[in-house]
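Read-outs throughout are calculated quantities, based only on the coordinates presented, and are distinct from any laboratory measurement. Just so it is clear, the model here is predicted, and its values are computed rather than measured. Counting neighbours? That spans all protein chains shown, and the Cβs are built from the backbone with ideal geometry, glycine included.
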Amino acid sequence: MTWTPDEDTLASFRHLALQNAIEYEGKAAPGSVIGRLMGSRSDLRQHGKTISPLIAKAVAEANKMASEQGIAALQKILEAEAPHLLEKREKKERREGLPELKNAVKGKVVLRFAPNPNGPLSFGHARGIVINGCYAKEWDGELILRFDDTDTVVKPPLPSAYSQIPEEAEWLLGFKPHRVVIASEQMPHYYEHAVKMLERDFGYVCQCSGEEFKEFRVSKTECPCRSNEINLNLELWAKMNDGTFVPGDAVVRVKTAMDLKNPALRDWPALRIQNTAEHPHPRPSIGSKYRVWPLLDFQSAVEDHVQGVTHIIRGKDLMDSTRKQTLLYEHFGWTYPETMYWGRVKVHEWGGFSTSQMRRDIESGLFSGWDDPRLPTLSALRKTGITDAALRDFWVELGVTQKDISVPLSTLYSHNIKSIDDDAPRLSFVREPTNLNLKGEHSSTVEVEVHPNHPNRGMRSFDVSSQSIWVERQDVAQSEIRLKGFANISILDGDAHPRVAQLGSVERNDRRPIVHWLSDAGAKKATLIVAEDGEINRYEGLIENHSYAHGTMVQIERIGYARVIDETTLIFTHS
C-alpha cells in the first residue's frame, strides 16, 4: 500500500521549504530541505521516493513566492504558522583549506613524507609534501622526510636524490623538514624487530616458493613452515643472513590468519633476501653490508613506531598497507597512527608518468634530464616558472578526499598566474619579425608602462627616431592595426619589403586589433624555448632590451608568461 502524508506532514514540507528559501535568499534547494527533514524525522526515511517530488514542489513554490513577493512574505507566513523555524540556526563554521586532523594535539603531531629516492620529486610527490607540511605547521608539529630506500633491485636509489629531495622539499614547504631519516641506515632497528617477531612466535621463516605459498593463500590453509619451533626459526634467520640461503630460498612472514577475507593480509611477507653482491646499495656506508632487507610494509610500520609518527596521510591504494601494518602493531602491542587517505589525481595533459619510467627515458636520451620542460618533475616545473605558492595552493584546494579527481593543467596555471602576475614586468618578444617603415609625424620616443598595475615601477622607453619598427609577420596580414601604447597605423604596399605604415591617431578611436612591437633601435635577436606536443621548440625572434636577472618571471606581450634565462633567452611558462 502506498504511503500518503497527512496534512501536518505536508505542512512541515512547506514550512521547511520556506525556511530554506529565507536562509538562501530565494534559492532554496530540495536536497538541503530533504536532508534537514530526514535528520529530524527518521520515521520518514523509508518513504523517500514519495517525499522527494513533494519537497521539490514545495521548494519551487517557495522560491517563486520569494521572487514575486519578496523574502518578507515568507517570513510573515512562518511567523504565523511555524515561528520556531525563524529562530537562527547555529551554523557550523566552515573550515577553510584542509579537513580537521583527527585526534591531533597541538605540539604533539608527527607526520612523515616518505619518497623512494629512485629519482627527484615529481608533481605527484608535491601532494604529500604540501598536505603533510601544512598540517605540521598548523599543529606546531614535526614533519619527517624519510627515504624509503630498501629496494636496490626494482627501484635502485639515485645517489643525487639524497641531496636534491631535501632541497626541493624545503623550496616547496618554505621550511626544512624537521627530521631526515634514511631507511637503509635504520637496518639495525628492522633486524631487532624481526628477531622479536620470531622470538615471540608471531613471525616465522617460510621456505615455500612463491607459487607454493600462493596455493596455501588461495586455499586458506597454513603452510608447513608456520608450525616451526622458535629455535628453528632463529636458526633459519641466521642462514638468511650468513649466505647459506640465496634470494628466493626463504622469507620472514608475519603470522596473521590464513582465513582472513582479504588474501593480501594472509601471513604477509616482512623481510626477504636481496642479491646485494650484484645490486649493492649506492650509499657507500651500506653497499653490500646487508643481505636481508625489509619489505616496505614492515619497514614503514617499524619506522613509524620508532619515530613516533601520530598521523599518516596516504593514497587510498595503500589501504591494504594500513591493514597489514595494523595487524603487526597489534602483535607488538603498539597503537597505530591516525590515518587519512586521498584518491588519485590525474592531470589530463600529462597522462601517466612514473619516476622509474622517467629515469629510464632520461638514461636512454629521450629527455635531456630531470629538469626537461616536458616532464612533470619539480625541477622541470621550477625551471619553467611554476612557483612553490602555486603548487601549495593547487594541492590545498584539492584537499584530502578519497574521490579520484581529473583536472586540466590550466588549474595549476591559474594558481601560478595569481602568484606571479602582480610582480611580472611586461616585455615584448616579436616572433617572425617583419619590418615596417613609419610614414607621418610622431615623437622620437614612445613610453609604455613596465607594469600596468604599478605606475611607480616606471616606463619602458622605445626610440622610434629611425622610423623603423618590427611586428609579427601574422600581424601585417591585417591592414589596420594599433601599435600598443603608440598609435593606429594603416599598412601600405602589401608586397613591398620593408612595408610602409601610415601613422594615424595617437588616441585609440576604433576597435582595430592591438599588437605588440619593437623599435629597430631597441631590439636584440633572442630565443623563446617552448615545450609543446611532446617536443622542445625554439622560436627565434627579437626581444626588447632588458636587464632582468636569471629566473625573473615576465609576461611576454600577447604570448604569455616566461622565465628569463639570460638577456636573449626565455623559457615559456604558460599563457
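Structure summary
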read-out: Positive-pole candidate from VAL195, VAL180, MET258, dipole of the chain, charges at beta carbon; value: MET258
read-out: Neighbourhood net charge (13 Å Cβ-Cβ; Lys/Arg +1, Asp/Glu -1) for ASP149; value: -1
read-out: Compactness relative to 2.2 N^0.38 Å, alpha carbon Rg of region 246-285; value: 1.63
read-out: Isotropic mean projected area of the C-alpha convex hull, region 345-420 (nm²); value: 5.3
read-out: Separation of alpha-carbon centers, region 270-297 and region 511-527, rounded to whole Å; value: 60
read-out: Computed lengthening from GLN474 to ASP421, 0.36 nm per intervening residue step minus Cα-Cα distance; value: 16.4 nm
read-out: Two-site label geometry, VAL407 and LYS220: point separation in nm, points 7 Å out along Cα→Cβ; value: 4.3
read-out: Extension gain from ILE230 to GLU397, taking 0.36 nm per residue of separation minus the Cα-Cα distance; value: 54.9 nm
read-out: Summed residue charge, Cβ within 11 Å of PHE245's Cβ, Lys/Arg positive, Asp/Glu negative; value: +1
read-out: Cross-link pairs LYS383/LYS484; LYS346/LYS383; LYS137/LYS418; LYS324/LYS403; LYS214/LYS324 - those with Cα-Cα distance over 27 Å; value: LYS383/LYS484
read-out: Under 12 Å from the GLU211 label point (7 Å along Cα→beta-carbon), backbone N, region 258-273; value: none
read-out: Table column - 3J(HN,Hα) (Hz), region 357-373, Karplus curve with 6.51, -1.76, 1.60, x for Gly and Pro; value: 5, 4, 4, 4, 5, 5, 5, 8, x, 5, 10, 6, x, 5, 9, 4, x
read-out: For region 528-535, Karplus couplings with θ = phi - 60° (6.51, -1.76, 1.60), whole Hz, Gly/Pro x; value: 10, 8, 10, 8, 8, 6, x, 10
read-out: ARG112 long-range amide H proximity, modeled H, under 5 Å; value: ILE144, ILE313
read-out: Label selected from (i) 103, 81, 43; (ii) 80, 76, 55; (iii) 114, 52, 49, the criterion being Cα extents along the principal axes in Å as computed here; value: (i)
read-out: Antiparallel %, DSSP beta bridges [both residues in the chain], to 5; value: 65
read-out: Principal-axis tilt of helix 123-138 within the chain, Cα atoms, nearest 10 degrees; value: 80
read-out: Ranking of HIS574, HIS348 by count of other Cβ atoms within 10 Å, fewest first; value: HIS348, HIS574
read-out: Mean separation of Cα contacts under 8 Å, 6 or more apart, over the residue count of region 425-575: relative contact order %; value: 25
read-out: Residue-averaged 222 nm ellipticity for the chain, from DSSP H runs of 4+ at -39500 (n - 2.57), nearest 500; value: -10500 deg cm²/dmol
read-out: Projected area averaged over orientations for region 1-46, convex hull of C-alpha atoms, nm²; value: 3.5
